[in-house]
Amino acid sequence: MIPDQGPRDAVVPPAERLKARAHVPSMERYKELYERSVGNPDEFWGDIAKDFFWKTKHTGPFMDYNFDVTKGEIFIKCMEGASTNICYNLLDHNVLHRKLGDKVAFYWEGNEPGDELRVTYRELLQRVCQFSNVLKSQGVKKGDRVSIYMPMVVELVVAMLACVRIGAVHSIVFAGFSADSLCERILDSQCSLLVTADGFYRGDKLINLKPIADEALQKCRDKGFPVSRCIMLKHLSKETEQATPGSQSPPAKRPCPDLQQNKQTDRVRKTRPAPQVPWNPDVDVCWHSLLCGVSDECEPEWCDSEDPLFILYTSGSTGKPKGVLHTVSGYMLYTATTFKLVFDYQADDVYWCTADIGWITGHSYITYGPLANGATSVLFEGLPTYPDVGRMWDIVDKYHITKFYTAPTAIRLLMKYGSEPVHKSSRASLKVLGTVGEPINPEAWHWYYNVVGDKRCPIVDTFWQTETGGHMLTPLPAATPLKPGSATFPFFGVVPAILNESGEELEGPGEGYLVFKQPWPGVMRTVYGDHQRFESIYFNKFPGYYVTGDGCRRDGDGYYWITGRIDDMLNVSGHLLSTAEVESSLVEHPAVAEAAVVGRPHAIKGESLYCFVTLIQGVAFSAALEAQLRKQVRDKIGAIATPDFIQNAPALPKTRSGKIMRRVLRKIARNERDLGDISTLAESSVVEQLFENRCSAAI
Ligand code: WT7
């Protein structure tokens with residue numbers, strides 16, 4: 001029992017003190033707006049679109065779509081024919097028309113406390129324009145794909161918005177991914193250029209990013225796809241680098257009016273050993289030298305509403321990552337509107353989302369949504385536990401954060417250390433707390449609400465996906481009575497349904513497949529390069545509906561409760577991983593004949609990876625082999641996919657037709673003996689043997 005916990009089943013009323021200024025101050029107002037948003041989307045979104053800048057105005061219906069595979073190809077079009085540029089809306093529009101030039105866009109807080117930087121809207125605009133000109137000088141054109149593999153620095157936002165400004169399509173790869181994963185993503189989207197950095201620190205650990213990027217580019221070359229340019233930001237080696245002619249290191253930054261170094265920023269950087277950077281002069285170019293003498297003005301490329309905006313890869317249940325494609329106007333309107341209403345954004349807010357920009361949460365709710373609203377945000381490079389477990393709350397106090405958005409896994413991690421480190425901070429500025437990534441368990445919810453928020457701040461539990469672009473089911477802080485663990489009700493324009501196995505819609509309370517009945521502006525448009533896969537993953541199972549892949553329960557009051565994935569996907573620390581992808585990295589090891597991976601509940605990560613491996617005849621299972629396998633998966637996919645348990649499985653439970661019974665493996669991993677119906681199992685002795693040898697503790 002956690003000391004500060006309130007009664008479990010109590011409904012927490014919406015925040016009284018937010019109502020006076022709130023955009024949506026009551027449930028009645030929510031219902032009224034919701035009815036309008038689904039009854040007359042053209043009018044609802046049309047009004048919202050008036051706040052944005054359009055080069056060519058829109059005419060015709062707001063949306064045009066087909067969600068039913070039996071009626072032909074799936075398509076979604078939003079404001080087609082109108083032209084705009086998101087970068088213009090996020091920066092120029094805010095500076096020129098809303099007079100926000102001097103407002104801080106980002107407070108950058110480095111890994112090391114005291115390492116900080118601030119950038120205003122005007123400065124960000126200048127830096128983005130400069131880098132847009134750099135990209136153009138490197139031959140990047142409208143429609144080209146650019147891969148970005150960078151730590152959480154302002155230049156990551158600069159690089160992404162520079163792509164957007166010139167109509168190029170960014171594909172950001174989380175900097176924790178391996179060389180193989182980066183290579184796979186570059187190849188799939190055929191990126192012509194890579195933007196990366198020398199390295200960064202995660203807590204005490206130095207991550208040498210450039211050598212990983214180099215390895216990925218080598219792998220691309222080996223596969224017949226040479227990426228012509230790699231732009232490297234000197235994030236760590238800036239001050240220390242010396243020019244050594246003919247050396248293998250990048251040229252030192254020539255003295256030039258680099259905006260980053262002079263008037264525009266006040267950067268404090270503690271000295272840390274900088275990495276040795278391998279340098280290939282045929283491909284590599286230095287970010288800083290490229291900026292020399294480059295103009296900070298750049299006319300935006302006007303794009304059609306349905307031009308591609310970005311590709312972001314997410315795990316697919318077959319193992320191959322899917323390139324989720326989002327397009328310009330729908331995504332812009334949806335992220336801007338969800339940000340404004342779900343966090344009840346006000347002009348004096350200081351907002352902080354702890355996600356990495358390498359994931360969709362960072363795309364939508366660090367870059368696009370907040371900037372579209374002219375918000376001030378914190379961009380944090382570090383870890384919640386470095387240099388100590390009070391870091392997050394120190395940052396909240398330092399910047400007077402009003403709206404704070406994080407993941408259940410981070411809350412559970414910090415909860416482990418008790419309330420004392422939290423109580424060292426004031427947190428008096430906080431008004432709204434948010435969570436995303438997985439269902440939040442009631443213990444974590446109560447701790448977040450009682451200890452972090454001092455029982456003053458509503459929690460918005462936002463359910464959504466890489467594919468949805470923005471929030472789908474979520475409370476609104478001044479309107480929705482909260483039930484801990486429920487993502488509550490649909491956002492405007494979202495029409496959820498719960499289907500049973502035969503595809504029938506359930507009325508009232510019930511549990512089944514969560515689907516959406518009609519498109520919303522932020523929905524993905526396709527899987528890049530594979531439209532058929534898009535249709536078969538999301539639309540084939542239940543014609544007429546977008547299928548989320550999540551199970552969901554609706555209670556007697558109409559609240560939605562996500563029950564978790566119903567496909568072979570695992571949710572580790574709020575990130576989806578496909579079991580097939582981990583299995584295929586395991587079987588690539590010469591000693592492994594077969595592998596099956598299932599999830600096992602984990603107190604902090606939500607789920608952990610429990611792997612069963614069948615070795616080839618004659619190979620003995622050993623601690624050394626286990627370590628090799630763990631490394632193999634880590635190297636293939638990245639640290640987030642590192643197996644927690646590896647069990648030697650002389651044989652796997654299979655049906656008579658040879659299908660692995662994962663349901664049984666899940667029970668073994670959890671040590672649950674109630675196996676249910678196992679009449680289809682070919683050989684039942686296998687199960688007993690696996691129970692006997694199960695792993696009890698992770699290494
Ligand atoms: C999957 C999407 C959306 C950004 C982060 C993850 C799970 C996400 C919640 C929530 C219950 C949630 C679902 C979903 N999920 N948010 N509030 N409650 N489950 O993006 O990697 O595309 O994963 O995360 O299972 O399908 P993603």
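Residues in the range 92-122 that are hydroxyl-bearing (Ser, Thr, Tyr) and part of a helix (DSSP H, G or I): Tyr121 alone. For first residues located in the range 462-481 and aliphatic (A, V, I, L, M), partners that are within 9 Å of the ligand (Cβ to nearest atom) and in a loop (DSSP other than H, G, I, E, B) and lie 6+ apart or on another chain with Cβ distances below 6 Å form the pairs Met472/Trp464; Leu473/Ala487. In the condition set (1) within 20 Å of Cys78 (Cβ to Cβ); (2) out of contact with any Phe, Trp or Tyr (no Cβ under 7 Å at 6 or more places or on another chain), Leu482 is compliant with all but (1). How about the range 295-320: which of its residues are among the small types (Gly, Ala, Ser) and surrounded by fewer than 18 Cβ atoms within 10 Å (Cβ to Cβ)? Scanning the range 295-320 gives Ser295, Ser317, Gly319.
A quick yes/no check of all residues on (1) in a strand (DSSP E or B); (2) within 23 Å of Gly437 (Cα to Cα); (3) away from the ligand (no atom under 11 Å from the Cβ); (4) not charged (D, E, K, R):
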{"residue": "Gly522", "(1), (2), (3), (4)": "no, yes, yes, yes"}
{"residue": "Ile537", "(1), (2), (3), (4)": "no, yes, yes, yes"}
{"residue": "Thr548", "(1), (2), (3), (4)": "yes, yes, no, yes"}
{"residue": "Arg553", "(1), (2), (3), (4)": "yes, yes, yes, no"}
{"residue": "Gly556", "(1), (2), (3), (4)": "no, no, yes, yes"}
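From the list Ser289, Ser317, the one residue that fits, being in contact (Cβ under 8 Å) with a residue 12 or more places away in the chain, within 14 Å of the ligand (Cβ to nearest atom) and either over 17 Å from the mean Cα position of the chain (by Cα) or on the phi > 0 side of the Ramachandran plot (or both), is Ser317. Here Arg456 passes the criteria (1) more than 8 Å from the ligand (Cβ to nearest atom); (2) in contact with a Pro (Cβ under 7 Å, 6 or more places away or on another chain) except the one numbered (2). Scanning the range 608-635 for residues that are out of contact with any helix residue (DSSP H, G or I) (no Cβ under 7 Å at 6 or more places or on another chain), under 18 Å from Gln689 (Cβ atoms) and assigned to a strand (DSSP E or B) yields Thr614, Leu615.
A single member of Asp4, Asp115 is of a type in the set (Asp, Glu), surrounded by fewer than 19 Cβ atoms within 10 Å (Cβ to Cβ) and modelled with pLDDT under 95, and it is Asp4.
Residues that are assigned to a loop (DSSP other than H, G, I, E, B), within 16 Å of the ligand (Cβ to nearest atom) and under 14 Å from Trp561 (Cβ atoms) within the range 481-509 comprise Lys483, Pro484, Gly485, Ser486, Ala487, Phe489, listed in sequence order.
Within the range 651-680, residues that are more than 10 Å from Phe691 (Cα to Cα) and of a type outside the set (Gly, Ala, Ser) sit with their Cβ atoms under 6 Å from residues that are part of a loop (DSSP other than H, G, I, E, B) and modelled with pLDDT of 90 or more, at 6+ positions apart or across chains, in these pairs: Ile660/Leu652; Met661/Pro653; Val664/Pro653.
Listed conditions (1) assigned to a helix (DSSP H, G or I); (2) in contact (Cβ under 8 Å) with a residue 60 or more places away in the chain; (3) crowded, with 24+ Cβ neighbours inside 10 Å are all met by Tyr449, apart from (3).
If you go through the range 263-287, how many residues are out of contact with any Ser or Thr (no Cβ under 9 Å at 6 or more places or on another chain), at pLDDT below 95 and of a type in the set (A, V, I, L, M)? Summing the residues that are out of contact with any Ser or Thr (no Cβ under 9 Å at 6 or more places or on another chain), at pLDDT below 95 and of a type in the set (A, V, I, L, M) in the range 263-287 gives 1. Among residues of the range 630-643 being touching a strand residue (DSSP E or B) at 6+ places or on another chain (Cβ under 6 Å) and surrounded by 20 or more Cβ atoms within 10 Å (Cβ to Cβ), the one that is nearest to Leu182 (Cα to Cα) is Gly638.
Within the range 460-479, can one find any residue that is more than 17 Å from Thr338 (Cβ to Cβ) and either more than 16 Å from the ligand (Cβ to nearest atom) or surrounded by fewer than 22 Cβ atoms within 10 Å (Cβ to Cβ) (or both)? So far as the range 460-479 goes, no, none of its residues is more than 17 Å from Thr338 (Cβ to Cβ) and either more than 16 Å from the ligand (Cβ to nearest atom) or surrounded by fewer than 22 Cβ atoms within 10 Å (Cβ to Cβ) (or both).
The values are calculated or read from the model by the stated rules, or taken from the named source; none is laboratory data. Since we're looking at a predicted model, the values are computed, not measured. Cβ: placed from backbone, ideal geometry, glycine included. Neighbour counts: every protein chain shown.
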